[in-house]
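Below: the structure, in structure tokens.
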Amino acid sequence: MVRIQREPFDLGAEIEQLRAGDPRVGAVACFIGIVRDLNDGERIATMSLEHYPGMTEKALEDIVTHARGRWDLYDVLVVHRVGELGPTDPIVLVAVTSAHRGNAFAACEFVMDYLKTEAPFWKKEVTPTGARWVDARVSDDKARARWEAESK
Amino acid sequence: MNLTILYFAALRERVGLAREVCDVPPGITTVGALKDWIVARGAPWSEAFGDTPRVRAAVNQAMAGPETPLPDRAEVAFFPPVTGG
């Protein structure tokens, strides 16, 4: 399941709902991305996140479908926030349920690595010297490329 | 051919438009050709694309490359590399 929203999310409630009391679930792995107060040497006052309504949801659904094809998973949840955010605010939640931890850990990281490079979101930061669009990082492309090189 | 063209993030700000509907000449059949045609219209498009490295594109909300064909009435989006998460 994939959701784009302006509001914060409640980790406990999200995981409770994802597990849905399913007794087959032996592992839940989750990742939360958080706004930091420093990026590329500058203080971050606020940040705004833009997306491409329609395509962003589709891109995230595709990533989840790929993860489900690659590992045995019960469910995958992606919640990504848009709009105005500040340091310490959570931006993104990825949670994966499976029978065992190996698949859950791997799929969670895979979803994040693809989200970083394939899902249409753009960050604009406000710093003491003005507003700036965040540049894409080569390290994110490299993180994703690992999954292509690795044959399962 | 009739196309809806969308711009996002830094590219949207530089073009000064989020969306435009264009009638493009029949020879424009791929994403790469469309980009060249847009830039050839001059300012603000030429500056906006010139100032935005590694512009990516999507056709009907799927990632596209320069060779991706353009169906009539397609929604074509141009944007900088993504920075979510």
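The values are calculated or read from the model by the stated rules, or taken from the named source; none is laboratory data. Please read these numbers as outputs of a predicted model, since none were measured by experiment. FYI the Cβ positions are ideal-geometry reconstructions off the backbone, even for glycines, and counts take in every protein chain you see.
Some points to look at:
- Top-ranked residue in region A:63-79 [being in contact (Cβ under 8 Å) with a residue 40 or more places away in the chain and out of contact with any strand residue (DSSP E or B) (no Cβ under 8 Å at 6 or more places or on another chain); ranked as farthest from A:MET112 (Cα to Cα)]: A:ARG70
- Single match in A:PHE31, A:PHE105 (criterion: in contact with a Cys (Cβ under 6 Å, 6 or more places away or on another chain) and more than 30 Å from B:VAL76 (Cα to Cα)): A:PHE31
- When each of A:VAL76, A:VAL96, A:VAL92 is tested for being under 23 Å from B:PRO81 (Cβ atoms) and part of a strand (DSSP E or B), the lone residue that passes is A:VAL92.
- For B:ALA64: the one exception among (1) more than 11 Å from the chain's Cα centre (by Cα); (2) under 24 Å from A:GLY54 (Cα atoms): (1)
- Here A:ARG6 does not fit the description of being surrounded by 14 or more Cβ atoms within 10 Å (Cβ to Cβ), away from chain B (no Cβ under 14 Å), at pLDDT 95 or above and under 27 Å from B:ARG56 (Cβ atoms).
- Taking each residue of region B:1-27 that is within 14 Å of another protein chain (Cβ to nearest Cβ) and looking for partners that are of a type in the set (S, T, N, Q) with beta-carbon atoms closer than 8 Å, six or more apart or interchain, yields B:ALA10/B:THR52; B:LEU11/B:THR52; B:ARG14/B:THR52; B:ARG19/B:THR4.
- The residues listed here are B:THR30, B:THR4; of these, the one that is polar (S, T, N, Q), more than 18 Å from A:PRO120 (Cβ to Cβ) and surrounded by 13 or more Cβ atoms within 10 Å (Cβ to Cβ) is B:THR30.
- The residue of region A:82-120 that is farthest from A:ARG24 (Cα to Cα), among those that are buried (at least 24 other Cβ atoms within 10 Å of the Cβ) and within 12 Å of chain B (Cβ to nearest Cβ), is A:PRO120.
- Scanning region B:35-85 for residues that are closer than 17 Å to A:LYS116 by Cα and among the β-branched types (Val, Ile, Thr), we see that the one that is farthest from the other protein chains (Cβ to nearest Cβ) is B:VAL55.
- Whichever residue in region A:26-39 is more than 10 Å from chain B (Cβ to nearest Cβ), at pLDDT 95 or above and part of a strand (DSSP E or B) and, among such residues, is farthest from A:TYR114 (Cα to Cα): A:ALA27
- Residue list for region A:108-123, filter: of a type outside the set (Phe, Trp, Tyr) and within 22 Å of B:MET63 (Cα to Cα): A:GLU109, A:VAL111, A:MET112, A:ASP113, A:LEU115, A:LYS116, A:THR117, A:GLU118, A:ALA119, A:PRO120, A:LYS123
- Pick from region A:40-63, criterion within 11 Å of another protein chain (Cβ to nearest Cβ) and in a strand (DSSP E or B), ranking: surrounded by the fewest Cβ atoms within 10 Å (Cβ to Cβ): A:SER48
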